[in-house]
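A short worksheet on the structure shown next.
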């Protein structure tokens, strides 16, 4: 079965930022998904470099992909360039954080 970016994004949609209670996808934290032969590489960021839950969130993203795509080698890298801004929020994320009022 061929892996797709959509499968990866669906898997990580269930991962929430524990402080905000919003999906990492709706927060716009997933920057890049690269697919290879039974391999997924993800570049993601956090809302703040000082985020105390950063390691947990990255680990949760990795585990969600592993569970959705068993036997896949998964690498999640936290990057800081470009820095996260609220412009990356989805419509759902904007609504949940009150940016649409």
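Criterion first (without any contact (Cβ under 8 Å) to a residue 40 or more places away in the chain and either touching a helix residue (DSSP H, G or I) at 6+ places or on another chain (Cβ under 6 Å) or under 19 Å from residue 83 (Cβ atoms) (or both)) does residue 19 satisfy it?
yes
Checking each residue in the range 1-27 for being out of contact with any strand residue (DSSP E or B) (no Cβ under 8 Å at 6 or more places or on another chain), under 20 Å from residue 75 (Cβ atoms) and surrounded by 14 or more Cβ atoms within 10 Å (Cβ to Cβ) picks out 7, 11, 25.
Against the conditions (1) in a strand (DSSP E or B); (2) at pLDDT below 95, residue 51 satisfies every one except (1).
Report whether or not residue 37 is on the phi < 0 side of the Ramachandran plot, free of Cβ contacts under 8 Å to residues at least 12 places away in the same chain and touching a helix residue (DSSP H, G or I) at 6+ places or on another chain (Cβ under 8 Å). No: the conditions fail for residue 37. Annotation: of all residues in the range 60-81 being within 18 Å of residue 43 (Cα to Cα) and either more than 15 Å from the chain's Cα centre (by Cα) or free of Cβ contacts under 8 Å to residues at least 12 places away in the same chain (or both), the one that is surrounded by the fewest Cβ atoms within 10 Å (Cβ to Cβ) is 81.
The values are calculated or read from the model by the stated rules, or taken from the named source; none is laboratory data. Just so it is clear, the model here is predicted, and its values are computed rather than measured. Virtual Cβ from ideal backbone geometry, glycine too; neighbours counted across all protein chains shown.
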